[in-house]
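Q: Below is a structure I'd like to ask you about.
Read the figures in this text as sums done on the coordinates, not as results from a lab. Keep in mind that this is a model prediction, so the values were computed, not measured. So basically every Cβ, Gly included, is an ideal-geometry build from the backbone, and we count neighbours across all protein chains shown.
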Amino acid sequence: MRPRRAPGAGPATHSKGTTMAGNDLGSLLGGLLGGGQQGGGSSGGGGGGNILAALLGALMSKGGGAGGSNPLSGLLEGLTKAGLADQAQSWVGTGENKDVSGAQVRDALPDDTLRQVAEEAGVSPEQAANEIAQVLPQAVDKLTPEGQVPSGSLEDLIKQQQL
């Protein structure tokens with residue numbers, strides 16, 4: 001019996017070995033976002049975890065070699081440079097999270113990164129940007145409970161939040 005893939009999941013990729021780690025990270029992020037038990041099929045919480053896993057995986061593969069490989073700080077730095085400092089800081093801080101639009105995400109991310117994320121998720125770049133815009137504020141908020149970006153590895157950080 002073949003394993004079932006979520007709708008729109010696209011083909012499994014083997015480039016640079018990110019699929020297995022991406023699937024694990026997607027499950028962890030899906031759980032963090034509250035939709036992650038089994039992935040069930042709709043493009044709800046599990047899909048959000050998968051799109052974020054694809055984004056963070058793409059950023060890690062481009063980011064090179066900082067020891068713990070925490071792409072969250074790199075992502076927030078990129079958003080800040082793209083003029084989204086208020087939004088990014090609201091997600092990290094302990095107050096209310098400010099919204100961000102798909103267009104703002106599209107403008108903030110490098111084109112090749114967004115294309116890679118869209119391809120891995122099996123969606124268009126526009127849809128990927130819209131999905132990222134929906135789930136990113138909540139994910140960053142949950143990954144930064146102390147009001148600052150922790151320094152450990154991203155996977156360790158996610159696991160800590162699920163305890």
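Q: For GLY95, what is the net charge nearby, where nearby means another residue's Cβ is under 13 Å from its Cβ and Lys, Arg count +1, Asp, Glu -1? List each step's numbers first, then the result.
A: On the way: positive: LYS98; negative: ASP86, GLU96, ASP141.
Local net charge: -2.
Q: Hey, another quick one. Sort 99-105, 117-123 by packing, meaning the average of other beta carbons within 10 Å per residue, with the highest value first.
A: Answer by packing, highest mean first, reads 117-123, 99-105.
Q: Taking K and R as +1 and D and E as -1, what net charge do the other residues with C-beta under 13 Å from the C-beta of ARG115 add up to?
A: Taking every other residue near ARG115 into account, the sum is -3.
Q: Where nothing but the Cβ of Lys and Arg (+1) and of Asp and Glu (-1) is charged, how large is the charge dipole of region 66-155 around its Cα centre, in debye to the nearest 20?
A: Here the size comes out at about 140 debye.
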